[in-house]
Amino acid sequence: MAGSVAHLAQYEDLPDFVSVIALSLHTSKKIADDYKAIAVLELSDMKMFIVSTKNALCSMDWFQLHDTQRRKGYILAGSATAEQIVFEMLEYGRAKGGDSVDQKSLDRRFIADVIANSQPIGIFTQMVRDAVASGASDIHIEVRGEVAVVRVRVDGVMRKTKSFPAEMMLDAVSTAFTVLAEELSRTDAAFNVRLAQAAMIPIELGARRFTLRYQSHPAVGGVDVVLRILRTSSTGGASEVRTLASLGYHPSQVEALEMAIASAWGGVFIAGITGSGKTTTLNAMLLAMAEQGGRKLISIEDPVEYVVKGVSHLSIQRTNNDSQNPFLNAMRAFLRLDPDIGMFGEIRDELSGEIAQAAIETGHKILTTVHATSALGIVSRLTSKMIGLDRLTVCNPEFISALVYQVLLPRSCPECKRPAKSVMSSAELDVYERLFGLDPSGFHCASDRGCDKCRVSGVDYSEGIRQGTAGVKVAAEVVLPDEALLTLLAARQDMEARNYCRSLRRSPFDSPDMQGKEAWGHALYDVSIGEVDPFYFQNTFGNPKSFAHCGANPGRHGVSSE
């Protein structure tokens, strides 16, 4: 029975019923992980419908309620599981109208009362708690008409969790923005569904502290709210920071980055889209430098996501007023703190670019992030009108230690992944063999619904495909600029510079040697060893045919590498 019943996301999904003839609640908390509830609804003609939370389905209480009503002459017409909000509304309606309250009496006035009497902050906190428990990096609240759908990004993939009445979720989001958000971070004094708004919301879940980067925007028929989950330290002590290898960097890339951070000056610039793990990679490098000892390390972040032992972390909040921006003031003060190495959260405007340049030109090692679409694109970004650094200055051999571009790809669950030949057509697999010299027999695809080892609580796996993933890994391009490359970049010969980097490739795509390979080449290797599903390669980089001009593996099929 547990595997065949439907799941109801909202009150309106209940079948038409005459009354609530039994309602069993097993916790005094409105918002709790152990919330258990069972309701028996009277349908017409002495039929009953039983609805329960998932963890109460087929429990002893469930069967007792069933048997009690069966002895009264009721016949079971069906059963389902449902979200907590369904039981809150049933409970409230029963309290208002007694045992004979029918479904239609729970109209919009009752819904409004439920919203008014619920705990918006509790609802918001529980939503975040559930997302954190699932390993999500982002929460997406999509309000359309009467319904608010909550989706989370887990392993880089969007997954549906729950649906709520729109008014209830807007009430929770409004309270979080207006009451919980840091005052200086809010773009407006109060929540307004008609405006694009941003804020930083600190939140504590037990001993763990998080900061939510809030962004909302009106959408056709409603509003979208996105909460980026930034994990901060719980006690001010050191956080667990992963190594470059554990993030997915291969030995040749780790060696290159270790060379870059070992140099006495210059900047290590990491690019990638939002949520691509740039700060995690920076902190892995920061940890390696801190463990060597003997140098003063300072990080300036908005906010601090990881606390690394041996590093002075300055968690500074950006504001919309540059003249009173404590983040920029801290960057100005950086040089007076006598550091050897500095980590800046992001270079994104003229002032932060100028300060990074001043730090590098005065002999300091700098680690930072930049929004760009490739490793070499970092140079174009730094010299764009937005940041405004001089190209000759940036292309000086002492300015850049390393250029890195990275993306995150889902790892296929090793327990339930399937041979690609059982999922993909021979024509689809042939593209990888013909263009890149890869052996498709080693390819694996993620399962559609996952397994007990990789499924996460609260996620709806009924929609979508290839959802059997277990964590994410980096696919990256690491460039240590030499004189020839810098000469091309200084002359604005960006396409020639890219071709020059590709010409340095010395191994086929099924080799872990990453020299001369872009991020997609790194991902191809991960596909070849069955760690990444080709489906996610194409979702991230596009059709593999678009890279045909890069050539097959050296010595394969009589085709050279270029």
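Which chymotrypsin sites (Phe, Trp or Tyr not before Pro) from the stretch 437-501 combine a DSSP loop assignment with at most 16 other Cβ atoms within 10 Å?
Details: sites: Phe443, Tyr461, Tyr500; in loops: Phe443, Tyr461.
The qualifying sites are Tyr461.
Given the protein chains as shown and a 1.4 Å probe, how many square angstrom of Thr68 are accessible, to the nearest 10?
In the full protein context, Thr68 sits at about 50 Å².
With n ≥ 4 as the cut-off for DSSP H runs, can you work out [θ] at 222 nm for the chain, using -39500 (n - 2.57) per run divided by the number of residues, rounded to the nearest 500? Write out the running numbers ahead of the final one.
Details: 17 runs with 169 residues, N = 562.
Here the helix-only value at 222 nm equals -9000 deg cm²/dmol.
Estimate the FRET efficiency between Ser380 and Glu350 by the formula 1/(1 + (r/R0)^6), using the beta-carbon distance for r and 22 Å for R0, to the nearest 0.05.
0.90
How far is helix 494-503 tilted off the main Cα axis of the chain, in degrees rounded to 10, range 0 to 90?
90 degrees
When only the heavy atoms of the protein chains count and the probe is 1.4 Å, how do Glu531, Glu258 rank by accessible area, highest first? Could the numbers behind the result be given before it?
Values: Glu531 45, Glu258 105 Å².
Largest to smallest exposure gives the sequence Glu258, Glu531.
Using r as the Cβ-Cβ distance of Val18 and Ser457, and R0 as 45 Å, what FRET efficiency do you calculate, to the nearest 0.05?
Working: r = 34 Å, r/R0 = 0.76.
Step by step, r from the Cβ atoms, then E = 0.85.
For the chain, can you list the cysteines whose C-beta has no other cysteine C-beta under 4.7 Å from it?
Cys58, Cys395, Cys445, Cys501, Cys550, each lacking another Cys Cβ under 4.7 Å.
Please determine, in degrees from 0 to 90 and to the nearest 10, the orientation of helix 350-361 with respect to the longest principal axis defined by the Cα atoms of the chain, where the helix direction is its Cα long axis.
Result, in degrees: 50.
Would you kindly find the accessible area of Ser315, with a 1.4 Å probe and non-protein molecules such as ligands, DNA and RNA excluded, rounding to the nearest 10 Å²?
Per-residue accessible area (Ser315): approximately 70 Å².
Return the sequence-ordered ³J(HN,Hα) values of the stretch 484-492 in whole Hz as given by the Karplus equation 6.51 cos²θ - 1.76 cosθ + 1.60 applied to θ = phi - 60°, using x for Gly and Pro.
5, 5, 5, 5, 5, 5, 5, 8, 6
Please list, ordered by chain and number, the residues whose modelled amide H lies under 5 Å from the amide H of Val147; skip anything fewer than 5 residues away on the same chain.
Under 5 Å from the amide H of Val147: Ala166.
Quick one: which of 165-175, 446-456 comes out on top by average Cβ neighbours within 10 Å, and what's the full order, highest first? Kindly include the intermediate steps, with their values, before the conclusion.
Numbers: 165-175: 21.1, 446-456: 17.2.
Per-residue Cβ counts within 10 Å, averaged per peptide and sorted highest first, yield 165-175, 446-456.
Work out Dmax and Rg for the chain from the C-alpha atoms and quote the Rg first, both in angstrom.
27.5, 88
Nearest 10 degrees, 0 to 90: what angle lies between the long axis of helix 278-292 and the longest principal axis of the chain (Cα atoms)?
60 degrees
Given a 1.4 Å probe, how much area per residue of the chain is accessible, in Å²? Provide the component values of the computation, followed by the final result.
Numbers: 24790 Å² over 562 residues.
I get 44 Å² per residue for this part.
Rank Cys58, Cys395 by accessible area, highest first, at a 1.4 Å probe radius?
Of Cys58, Cys395, the descending order of accessible area is Cys58, Cys395.
Give me the percent of accessible area attributable to carbon and sulfur for the chain, probe 1.4 angstrom.
Numbers: 12520 of 24790 Å².
Summing carbon and sulfur atoms, their accessible area is 51 percent of the total for the chain.
Mind giving me the FRET efficiency for Cys58 and Arg336? R0 is 45 Å, r the Cβ-Cβ distance, nearest 0.05 is fine.
Efficiency at R0 = 45 Å is approximately 0.10.
Please arrange Ser457, Ser462 by accessible surface area, largest first, computed with a 1.4 Å probe and ligands excluded. Numbers along the way, then the final one.
Details: Ser457 105, Ser462 80 Å².
Reading off the accessible areas and sorting them downward yields Ser457, Ser462.
Using the basic label-point model (7 angstrom from Cα toward the beta carbon), what is the Asn192 to Lys421 distance in nanometres?
Distance between label points: 6.2 nm.
Starting from the Cα of Thr393, step 7 Å along the direction of its Cβ; do the same at Glu258; then give the gap between the two resulting points in nm.
3.4 nm
Restricting to the chain, compute how many DSSP beta bridges are antiparallel as a %, nearest 5. If you can, show how the numbers build up before the last one.
Working: 65 of 97 bridges.
In the chain, approximately 65 percent of DSSP beta bridges are antiparallel ones.
For Leu14, tell me the accessible area in Å² from a 1.4 Å probe, rounded to the nearest 10.
Answer for Leu14: close to 10 Å² accessible.
The values are calculated or read from the model by the stated rules, or taken from the named source; none is laboratory data. This is a predicted model, so every value here is computed, not measured. When we count neighbours, we look across all protein chains shown, and the Cβ atoms used for this are built from the backbone with ideal geometry, even at glycine. Surface accessibility is based on the protein's heavy atoms, side chains included, excluding ligands, DNA and RNA. Shrake-Rupley method; radii C 1.70, N 1.55, O 1.52, S 1.80 Å.
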